[in-house]
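Chemist: Would you mind keeping the following structure in view while I ask a few things?
The values are calculated or read from the model by the stated rules, or taken from the named source; none is laboratory data. Everything quoted here is computed from the prediction, not taken from an experiment. Cβ atoms come from the backbone with ideal geometry, glycine included; neighbour counts cover every protein chain shown.
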Amino acid sequence: MAVISEEVALDTVRRVLGARHKEVAPDIAADTQLESLGLDSLDIAELFLQLENVTSTELDPSSAEGLKTVGDLVELRPL
Amino acid sequence: MALDQHTAEPPGASRDAIGSHYDVGVGFFEQWLDPTLTYSSALWEAGDTLETAQLRKLDYAASEAGAVGARRVLDVGCGWGSMLTRLVEEHGVEAAVGLTLSETQRDRIAGWDDPRREVRLEHWHEHEPDAPYDAIVSIGALEHFVRHGTSRADKVRTYREFLSRCRRWLAPGGRLYVQAICKGNARLTAKALADARFVFEEVFPQSDVPWPAELVQATEWLFDLVRLRNDADHYVQTLDAWRERLLARREEGEREVGAGAVEHYDRYLRTAREHFAEGHAGLLRVTLAAV
């Protein structure tokens, strides 16, 4: 069962972008490519940590392989 | 489609990225590495000094690779030449060939003017041996073979390309010995992430380390796994020894490369030590036999 809603995923992406001093595009959506937002692999690790904090859930790092879009974050599974 | 090996861009860190860390001046590294200038984890036993532990590591690599008494041996990522020297002076190797992307490392070894020790300023992707090798070693170089952010599939593909070339360069029955930092399974923390950002953005740009499984997967149908050790604690001990020496000669170092550079290397040694001690990183020593 998904522990991350699309809304939480979008909010978290915006927060990490802001913290990394990257421009927060107004039209981020579920199909937005993480790479197109200027997020590198370390930023995606940051997203992972933030989502763990927000959901108070230990997530399975192996489910983070192949993350491409904001919507993919919803697929992260608990450990 | 097969890439033309002579025109395709070599994978991993560029020469500039390598130079940014290794080419600050050999005099600085002489101040805090052991006298052989071996810049990778040692292999420690009780009573060792940094130098004896580094020689023990070089001897272990030579033994595992089957390089003792061999005619021709390749060292991929030869650093300042400690392995090449150990091979020809202690292990009876007739020709030890080293590859490096660092000009200061190349210059130091070339300056020895010893026909038994040959150094080439070459990426492994560019290397074409004059004759097969009886053994190959690669110590602390694999960390530069892929860039940070590379997908798991692409990392395995690059490691496999390296292993495939090694197998082609080896004489029948030859062995390859690899020592490399690997990822550890400790849970990521905000501090560990910030430290990783420092290491991969400021210390070793354009580099990344493998998961053990990525390297092992890349060996399939090319090499049999003979032995695999994870000696993270040996890297902790090595980093402690380096840092103790760096701090003991801090003023000398600052005169050589400047206070900012000394602080940068000090922060790197501290950060790396924590990563190994806390399980965010491991140290692979892998012995492989060509099939």
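Chemist: For the range A:61-73: of the residues being modelled with pLDDT under 90 and not in a loop (DSSP other than H, G, I, E, B), which is surrounded by the fewest Cβ atoms within 10 Å (Cβ to Cβ)?
Modeler: A:S62
Chemist: Okay, moving on. Take B:L239 and tell me if it is at pLDDT 95 or above and touching a strand residue (DSSP E or B) at 6+ places or on another chain (Cβ under 6 Å).
Modeler: Numbers: at pLDDT 95 or above: yes; touching a strand residue (DSSP E or B) at 6+ places or on another chain (Cβ under 6 Å): no.
No, not satisfied.
Chemist: Out of the residues in the range B:129-159 meeting the condition of being over 17 Å from the mean Cα position of the chain (by Cα), away from every other protein chain (no Cβ under 14 Å) and not aliphatic (A, V, I, L, M), tell me which one is surrounded by the most Cβ atoms within 10 Å (Cβ to Cβ).
Modeler: Taking the candidates together, the pick is B:Y133.
Chemist: Which count do you get for residues in the range B:212-243 that are within 12 Å of chain A (Cβ to nearest Cβ) and either exposed (fewer than 15 other Cβ atoms within 10 Å of the Cβ) or within 16 Å of the chain's Cα centre (by Cα) (or both)?
Modeler: Start the filter on the range B:212-243 by keeping residues that are within 12 Å of chain A (Cβ to nearest Cβ), which leaves B:213-214.
If we keep only those that are either exposed (fewer than 15 other Cβ atoms within 10 Å of the Cβ) or within 16 Å of the chain's Cα centre (by Cα) (or both) as well, we get B:213.
Matching residues across the range B:212-243 total 1.
Chemist: Please give the number of the condition B:E89 fails out of (1) within 22 Å of B:L50 (Cα to Cα); (2) buried (at least 24 other Cβ atoms within 10 Å of the Cβ); (3) over 17 Å from the mean Cα position of the chain (by Cα).
Modeler: Tallying (1) within 22 Å of B:L50 (Cα to Cα); (2) buried (at least 24 other Cβ atoms within 10 Å of the Cβ); (3) over 17 Å from the mean Cα position of the chain (by Cα), B:E89 fails exactly one: (2).
Chemist: Conditions first: (1) farther than 25 Å from B:D195 by Cα; (2) in contact with a helix residue (DSSP H, G or I) (Cβ under 9 Å, 6 or more places away or on another chain); (3) at pLDDT 90 or above. A:E58 passes all but one, so which condition is the exception?
Modeler: (1) is the only condition that A:E58 fails.
Chemist: Shifting gears a bit: Looking at the range A:1-49, which of the residues that are assigned to a helix (DSSP H, G or I), more than 11 Å from the chain's Cα centre (by Cα) and touching a residue at least 24 places away in the same chain (Cβ under 8 Å) is nearest to the other protein chains (Cβ to nearest Cβ)?
Modeler: By that ranking, first place goes to A:E35.
Chemist: Going by the conditions given, is A:L79 surrounded by fewer than 17 Cβ atoms within 10 Å (Cβ to Cβ), within 14 Å of chain B (Cβ to nearest Cβ), of a type in the set (A, V, I, L, M) and over 23 Å from B:E201 (Cβ atoms)? Spell out the reasoning first.
Modeler: Working: surrounded by fewer than 17 Cβ atoms within 10 Å (Cβ to Cβ): yes; within 14 Å of chain B (Cβ to nearest Cβ): yes; of a type in the set (A, V, I, L, M): yes; over 23 Å from B:E201 (Cβ atoms): yes.
When the stated conditions are applied, A:L79 passes them.
Chemist: Looking at the range B:222-232, can you tell me whether even one residue there is in a loop (DSSP other than H, G, I, E, B) and modelled with pLDDT of 95 or more? Can you show your working first?
Modeler: Within the range B:222-232, the subset in a loop (DSSP other than H, G, I, E, B) is B:222, B:231.
With the extra rule that they be modelled with pLDDT of 95 or more, the set shrinks to B:222, B:231.
So far as the range B:222-232 goes, yes, one or more of its residues are in a loop (DSSP other than H, G, I, E, B) and modelled with pLDDT of 95 or more.
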